[in-house]
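The structure appears right after this line, and notes come after that.
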Amino acid sequence: MTIHLKIWRQARGAKDGKFHDYTVENVAAEMSFLEMLDILNEQLVKKGEEAIEFDNDCREGICGTCGMVVDGVAHGTHAGCTTCEIRMRSYKDGDTITVEPFRASAFPIIKDLVVDRSAFDRIQAKGGYVSTNVGSAPDGNAQLIPKSDADNAMDAATCIGCGACVAACPNGSASLFVSAKISQFSWLPQGDAERTRRALRMVEQMDSEGFGDCSNHGECEAVCPKEISIQNIARMRREFVKAAFKG
Amino acid sequence: MSKILDAKIPGGPLADKWDKHMIDNKLVAPGGNRRKFRIIVVGTGLAGGGAAATLGELGYNVLNFCIQDTPRRAHSVAAQGGINAAKNYQNDGDSVYRLFYDTIKGGDYRSREANVYRLAQLSTHIIDQSVAMGVPFAREYGGTLANRSFGGVQVSRTFYARGQTGQQLLLGVYSALSRQIDAGTVKMFPRHEMLDLVIVDGKARGIIARELITGEIKRYEADAVVLATGGYSPVFYLSTNAVNSNATAAWRAHKRGAFFSNPCYTQIHPTAVPQMGDYQSKLTLMSESLRNDGRVWVPKKAGDTRRPNEIPENERDYYLERRYPAFGNLVPRDIASRAAKVECDQGKHAYYSDFSVYLDFSEAIGRLGKDVVGDRYGNLFDMYREITGDSPYETPMMIYPAPHYTMGGLWVDYNLQSTIEGLFVAGEANFSDHGANRLGASALMQGLADGYFVVPRVVASYLAGADLKAVTTETEEFKAVENDVRSHYDRLLNIKGSRTVRDIHWDLGRIMWDKVGMARNKDGLNEAIGKIKELQKAFWQDLALTGSADDLNKQLEQANRLGDYLELGELMARDALMREESCGGHFREEHQSETGEAKRDDENFMFVSAWEHQGEGQEPVMHKEDLSYENIEVKTRSYK
Ligand SMILES: Cc1cc2nc3c(=O)[nH]c(=O)nc-3n(C[C@H](O)[C@H](O)[C@H](O)COP(=O)(O)OP(=O)(O)OC[C@H]3O[C@@H](n4cnc5c(N)ncnc54)[C@H](O)[C@@H]3O)c2cc1C
Ligand code: SF4
């Protein structure tokens, strides 16, 4: 099939960019969305034009590297799936697809579709961990954890840190990402001692990075490729309020 | 002149070697002394991230580099199935010795006893450590940790977190790293690619790296360098590895004097989604754990094009169960991969392509119900459906072997030190623990054992004893290496040819897969060496690149890596040609038993090859490390 694309191009360091039109022929149904972009890049390089930059790595939906807004939706309109997992069979011959970067004030654009998500690392550094030194751990079965708690922790831990939640949120909030991490530890006995400090410091850092507030739009949950539940945000709020109360 | 390499294995009984070694090792006292030492760790996967976090926690001054935009995305994140540990929680007879034994046998008696024993010993601590860090491993209703089994073993010793074990272990590492970044002991350099190693007075003292966003070339000096840069499967172009996995750091270190060992030992994983078209960028793995409940079969009749559900039971050949009754579908990867090739070569394959076989869950679904099967493998089934459009709940999956893991890597001694003093190599980037074949769920184990436990000890001991003169990035050696790096880029950008990086890489991949893949022979290998040389020429004469070196430029990054794959690919073929035997992932067609099994030659080939670079255009020289098995009886490997 033939696919028409409107892709956002922006030079590094430039304040703004614009959409360019491209056409890719002979797109096969089994191709992934990124493979289709690879083919386009091949064409561009052969013509002596610069390839379109987009972040990608595992191409299996687990590393969280890729991410772009496809037809207005972060990671595209196919629910529960990252951009690299989209297959071209969900499009028709002659379709036009619009592709642009994740847009959020806390995610500056680096070039074309590549954005800077390092704010997530700075939030994580404020407490997204259990402070335990290597080599001093007790036996793994010393503390029993009910299966349902472990499963709930795992549900939250599934977040891949892609940032789609931020891009989808009208306020540019990072609440889903931050709450997923805080929730994971709130289900586990490990790290309980740092509960208060974790909630306070991570939320403070999130605010200071320029992410907006959460006003319960639910857009994040709708686009999340790992279907992380918005209930985590409620848990985060409870953790934060308790922590703020304790001081 | 071939020299015999000394692995510096400590004396004494196998079970005491590591503990005794730690007592004998020198230590650096905490506080100011440790802070004074600066250590570069390249890589943030389980091995690199684990090492950086632990060294930081001990108080060293650590610089940690990775290619991705954040350490949490290192390729380890993609591991699906699980991690082994000799905990014997299932009371099914597991022990440190059994894990050691299985790993040595799995590796076809081509790995080092002392390293493997240490790995088995440390495995139990890894689980404890990860649990303490909040890694949400799967649990039983009673609250204890759950286990499953993997290929090549008869006990259940694999710990897992759904189908995302690598992700959860890596997030554990990343969180430990984050804690140290906050504490200021680890300085993180994401989107930085190491391009060369700087050696001063024969010792590794720094690296040259390129900041991938701005293209800036930078120098970093340190007292020791740890490479934990992963494997080199993308030499085959199509592999299960992440797109950014590459061999550059190891290869450049090799060209500076680090010996490269067993490059021909590559693992072809039996259960990947078959190749679909020539536009494809990678192959997707379907975890080996699927073989716990999935049964592998092909039609009995060659050329049968019926859909799987139309083929009656008695016309199906469950060839693994038939050929290997004791292990059945759970034979190790090299055996399962080759068996699939044998069937497909005879024209017996799934309808979909000449290179695919069935992995069927209908029996398991009948026995356990759809819910239980979905609980175990749901995310893999979803992934498969996403790719192929078919649901494995209704029709059998189609799978075929794919390049997956590289057992070869830089040569290291027991202290994980390469042949360059002060250069340590950990995780998949080194060669030491898996021999000619790696059993499932043991790479994560090695990554974390090296990262959390081995590197911190051996590097400390090196620093305590090393006589290091002061160097700065203004030292002549740094300038010279930086110049080399710059001229390499100039050369690449000035070719201005017509063939894209992908185009040339695809050709290399075909040569490697056809001639240096699942089965090799002398003529094919010689042919491969010739063809790779031609392709190297084409690369340097006809490469098309756009953009510049001082900008974010993925094409340029990939071109830089491809140049190294072309050289490494040639060495892989040479190594395979030299090794006149079959073992593990290395199958030489000339050396097989009457029933088509791999035939080792222990008399002549019970050694590790270690190649020394001799300069551009010169043939490399091979050195040997003889292997001896004192604690294990060397047997013909049988899974019948
Ligand atoms: C799809 C898949 C599934 C797997 N499943 C399992 C499993 O279930 N169980 C198991 O035990 N094993 C599994 N493996 C194998 C296992 O994941 C890897 O062997 C292991 O994670 C390697 O870890 P590592 O730390 O050595 O390297 P990696 O995780 O590959 O990390 C390499 C690091 O080095 C960095 N790097 C590389 N080159 C440079 C450079 N030049 N400059 C700067 N940084 C650089 C990268 O950015 C990255 O941070 C799987 C592998 C694949 C591909
Ligand atoms: S919550 Fe979902 S969308 Fe947001 S970062 Fe995590 S996985 Fe990505």
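The values are calculated or read from the model by the stated rules, or taken from the named source; none is laboratory data. If you're wondering where the values come from, they're calculated on a predicted model, not measured in any experiment. Neighbour counts are summed over all protein chains in view; Cβ atoms, including those assigned to glycine, are modelled from backbone coordinates with ideal geometry. These area figures cover heavy atoms from the full protein model, side chains too; ligands, DNA and RNA do not enter into them. Shrake-Rupley method; radii C 1.70, N 1.55, O 1.52, S 1.80 Å.
Give me the mean projected area, in nm² to one decimal, of the convex hull enclosing the Cα positions of chain B. Write down the numbers at each step before the final one.
Working: hull surface 109.3 nm².
Seen from a random direction, the Cα hull of chain B projects 27.3 nm² on average.
Could you work out the relative contact order of chain A? I mean the mean sequence separation of Cα pairs under 8 Å and 6+ apart, divided by the number of residues, in percent. Walk me through the numbers on the way to the answer.
Details: 441 pairs, mean separation 48.5, N = 247.
Averaging sequence separation for qualifying contacts and normalising by length gives 20 percent for chain A.
Dividing the convex hull volume of the Cα atoms of the range B:296-443 by its residue count, what figure in Å³ per residue is obtained?
152 Å³
When only C-alpha pairs under 8 Å and at least 6 residues apart count, what is the relative contact order of chain B, in percent? Please report the intermediate quantities before stating the final value.
Numbers: 1398 pairs, mean separation 130.1, N = 640.
So the answer I get is 20 percent.
If Lys and Arg each add +1 and Asp and Glu each add -1, what is the summed charge of the other residues whose beta carbon sits under 15 Å from the beta carbon of B:Gly257? Walk me through the intermediate numbers first.
Working: positive: B:Lys3, B:Lys203, B:Arg205, B:Arg252, B:Lys255, B:Arg256; negative: B:Asp196, B:Asp201, B:Asp413, B:Glu421, B:Glu477, B:Asp484, B:Glu612, B:Glu616.
Computed value for this residue: -2.
Using +1 on the beta carbon of Lys and Arg, -1 on that of Asp and Glu, and nothing else charged, what's the dipole of chain B about the Cα centre, debye to 20?
On the way: 77 positive and 84 negative charges, 167 e Å.
Here the size comes out at about 800 debye.
Using a Förster radius of 22 Å, what is the FRET efficiency between B:Asp523 and B:Ser638 based on their Cβ-Cβ separation? Nearest 0.05, please. Please list the in-between numbers first.
Details: r = 30 Å, r/R0 = 1.35.
The pair B:Asp523/B:Ser638 has a calculated efficiency of 0.15.
Calculate how many DSSP beta bridges within the protein assembly as shown are antiparallel, expressed in % of all such bridges and rounded to the nearest 5.
Percentage antiparallel, nearest 5: 70.
Just the ratio, please: alpha-carbon radius of gyration of the range B:1-83 over 2.2 N^0.38 Å, N its number of residues. Each step should come with its number before you reach the end.
Details: Rg = 17.1 Å, N = 83, 2.2 N^0.38 = 11.8 Å.
Dividing the Cα radius of gyration by 2.2 N^0.38 Å gives 1.45.
Give the average over all directions of the projected area of the C-alpha convex hull of the range B:549-640, one decimal, in nm². Before the final figure, lay out each step's value.
Details: hull surface 39.8 nm².
Average projection, Cα convex hull of the range B:549-640: 9.9 nm².
With no solvent and one equal point scatterer per Cα, compute the Debye intensity ratio I(q)/I(0) for the range B:43-112 at 0.13, 0.25 Å⁻¹ and report its log10, rounded to two decimals.
-0.63, -1.00
Given a cut-off of 23 Å, name the pairs among B:Lys3/B:Lys537; A:Lys147/B:Lys87; A:Lys181/A:Lys246 whose C-alpha atoms lie farther apart than that in the structure shown.
Correct reply: B:Lys3/B:Lys537.
Radius of gyration and Dmax for the range B:470-587's Cα atoms, expressed in Å?
17.5, 52
Give the Debye-formula value of log10 I(q)/I(0) at each listed q (0.23 Å⁻¹), with one equal scatterer per alpha carbon of the range B:210-278, two decimals each.
Evaluating at q = 0.23 Å⁻¹ gives log10 I(q)/I(0) of -1.21.
Could you check how many percent of all C-alpha pairs in the range B:25-173 are farther apart than 24 Å?
Details: 4751 of 11026 pairs.
Roughly 43 percent, once rounded to a whole number.
For the range B:524-640, what relative contact order do you get, as a whole percent, if you take Cα pairs closer than 8 Å and at least 6 residues apart? Spell out each step's value before the answer.
Numbers: 94 pairs, mean separation 19.2, N = 117.
Relative contact order comes out at 16 percent.
Report, to two decimal places, the Cα Rg of chain A normalised by 2.2 N^0.38 Å (N = number of residues). Could you put the intermediate results ahead of the total?
Details: Rg = 20.2 Å, N = 247, 2.2 N^0.38 = 17.9 Å.
Here the answer is 1.13, to two decimals.
For the range B:382-530, max minus min Cα coordinate along each principal axis, in Å, sorted largest first?
Between the extreme Cα coordinates on each principal axis of the range B:382-530 lie 65, 46, 37 Å.
Regarding the range A:143-210, what whole-number volume in Å³ per residue does the convex hull of its Cα atoms give? Write down the numbers at each step before the final one.
Values: hull volume 5.4 nm³, N = 68.
Considering the Cα atoms of the range A:143-210, their hull volume per residue is 79 Å³.
Based on the alpha carbon coordinates of the range B:83-237, what radius of gyration and maximum Cα-Cα distance (Dmax) apply, in Å?
So, for the range B:83-237, Rg and Dmax equal 19.7, 59 Å respectively.
Based on the Cβ-Cβ distance of B:Tyr393 and B:Ala466, what FRET efficiency does E = 1/(1 + (r/R0)^6) give at R0 = 45 Å, to the nearest 0.05?
Values: r = 59 Å, r/R0 = 1.30.
That pair, B:Tyr393 with B:Ala466, gives E of 0.15.
Can you give the net charge of the other residues whose Cβ lies under 11 Å from the Cβ of A:Thr132, counting K and R as +1 and D and E as -1? Could you put the intermediate results ahead of the total?
Numbers: positive: B:Arg179; negative: A:Glu194, B:Glu57, B:Asp128.
Taking every Cβ under 11 Å from that of A:Thr132, the sum is -2.
Can you pull the one-decimal nm distance between simple spin-label points at B:Thr595 and B:Gln275, each 7 Å off the Cα toward Cβ?
Here the answer is 3.1 nm between the modelled labels.
Listed here are the pairs B:Lys187/B:Lys554; B:Lys282/B:Lys348; B:Lys255/B:Lys479; B:Lys105/B:Lys341; B:Lys105/B:Lys301; which of them are more than 28 Å apart at the Cα? Before the final figure, lay out the partial values.
Values: B:Lys187/B:Lys554 25 Å; B:Lys282/B:Lys348 25 Å; B:Lys255/B:Lys479 17 Å; B:Lys105/B:Lys341 22 Å; B:Lys105/B:Lys301 34 Å.
Beyond 28 Å between Cα atoms: B:Lys105/B:Lys301.
At a Cα cut-off below 23 Å, give the lysines reachable from B:Lys26, other chains included and same-chain residues fewer than 8 away excluded.
Straight-line reach from B:Lys26, under 23 Å: B:Lys8, B:Lys17, B:Lys36, B:Lys203, B:Lys469.
How would B:Ser175, B:Ser487 rank on accessible area, largest to smallest, probe 1.4 Å? Working shown, then result.
On the way: B:Ser175 5, B:Ser487 60 Å².
If we order B:Ser175, B:Ser487 from most to least accessible, we get B:Ser487, B:Ser175.
Note the full-extension length gain between B:Asn604 and B:Glu474 as 0.36 nm times their separation in residues minus their Cα-Cα distance, in nm to one decimal. Can you show the working numbers first?
Working: separation 130, 0.36 × 130 = 46.80 nm, distance 4.85 nm.
42.0 nm is the gain from fully extending B:Asn604 to B:Glu474.
Checking a compactness column here: for the protein assembly as shown, what do you get for Rg(Cα) / (2.2 N^0.38 Å), N being the number of residues?
Numbers: Rg = 25.7 Å, N = 887, 2.2 N^0.38 = 29.0 Å.
With N residues counted in the protein assembly as shown, Rg over 2.2 N^0.38 Å equals 0.89.
Given R₀ = 41 Å, FRET efficiency for A:Lys147-B:Asp16 by Cβ-Cβ distance, to 0.05? Kindly include the intermediate steps, with their values, before the conclusion.
Details: r = 39 Å, r/R0 = 0.94.
In this case the efficiency is close to 0.60.
Just to be sure I follow: if Rg is taken over the C-alpha atoms of the range A:121-247 and Rh is the Kirkwood radius over the same atoms, what is Rg/Rh?
On the way: Rg = 14.7 Å, Rh = 15.0 Å.
When Rh is taken as the Kirkwood radius, the ratio is 0.98.
For the pair B:Glu310/B:Ala538, report the inter-label distance in nm, with labels modelled 7 Å from Cα in the Cβ direction.
Output for this residue pair reads 4.0 nm.
Tell me the label-point distance for the pair B:Lys301, A:Ser136, using the 7 Å Cα-to-Cβ offset, in nm and rounded to one decimal.
Calculated label separation equals 6.9 nm.
If you add up the charges near A:Val69, with Lys and Arg at +1 and Asp and Glu at -1, over every other residue whose beta carbon is less than 13 angstrom from its beta carbon, what do you get? Walk me through the numbers before you get to the answer.
Numbers: positive: A:Lys6, A:Arg103; negative: A:Asp71, A:Glu100, A:Asp112, A:Glu219.
Value of the local net charge: -2.
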